[in-house]
Amino acid sequence: MKICVFCGSSFGRNGAYKRAAARLGAELANRGIGLVYGGASVGLMGTIADAALAGGGSVIGVLPEALADLEIAHQGLDELHIVSSMHERKAQMADLSDAFIVLPGGIGTMEEAFEVWTWSQLGVHAKPIGLLNTDGFYDRLQGFLDHLVEEAFVKKIHRDIMLSDEEPGALIEKLAVAEVPRDRKWIDETKR
């Protein structure tokens, strides 16, 4: 099994984020689960890769050419794929993975998480997605996702695809037993 992790190329201001990334990397290695991530050696990205490698885990990085120098490509990975674009990066990371975990991060992390969640909603894949909610980092986002359901923009069955936990091991357990629904988005075939 391989889990794709989306996370920041910085550490953020709360040291708990770096500790959570290290714990998740170690937990993946301990369970024999491969890590697929963005390929950088900096920030939370570097932390999770280093922790997984230190634990004897398998780590695959996928990095666009344009960011190889900017994000400082990690040189100690089992595999490092240099791709031509961000779109190719996300597609390859998704293809290589069986599930997704989202750590704290910025715009890119959010974009990656929402894209794979959208793919799940549309039936492109049936891979579970989980937020590692370190120190309540995703509390407000989860409230907003619930608001999307309340306002009838997202079905509850699709909202529930986005799992969450504060502990890496517990989140991995949730992903391992999650069943992603194959319910269609809003299309009613009888009214076409």
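Listing for the model above:
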read-out	value
Looking only at the range 100-126, and only at residues there that are part of a helix (DSSP H, G or I) and among the hydrophobic types (A, V, I, L, M, F, W, C), the one that is surrounded by the most Cβ atoms within 10 Å (Cβ to Cβ)	Val116
Qualifying residue in the range 37-44 (condition: at positive phi and in contact with a strand residue (DSSP E or B) (Cβ under 7 Å, 6 or more places away or on another chain))	yes
Complete set of residues in the range 127-171 that are in a helix (DSSP H, G or I), under 23 Å from Asp95 (Cα atoms) and without any contact (Cβ under 8 Å) to a residue 60 or more places away in the chain	His158, Arg159
Pick from the range 140-166, criterion under 14 Å from Gln121 (Cα atoms) and exposed (fewer than 13 other Cβ atoms within 10 Å of the Cβ), ranking: farthest from the chain's Cα centre (by Cα)	Phe153
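So that you can scan it fast, the table gives a plain yes or no per residue for (1) under 25 Å from Met1 (Cα atoms); (2) at pLDDT below 95:
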{"site": "Arg140", "(1), (2)": "no, no"}
{"site": "Gly143", "(1), (2)": "no, no"}
{"site": "His147", "(1), (2)": "no, no"}
{"site": "Glu166", "(1), (2)": "yes, no"}
{"site": "Gly169", "(1), (2)": "yes, no"}
{"site": "Ile172", "(1), (2)": "yes, no"}
{"site": "Leu175", "(1), (2)": "yes, no"}
{"site": "Val180", "(1), (2)": "yes, yes"}
{"site": "Trp186", "(1), (2)": "no, yes"}
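The values are calculated or read from the model by the stated rules, or taken from the named source; none is laboratory data. Remember, it's a predicted structure, so these values are computed and weren't measured experimentally. So basically every Cβ, Gly included, is an ideal-geometry build from the backbone, and we count neighbours across all protein chains shown.
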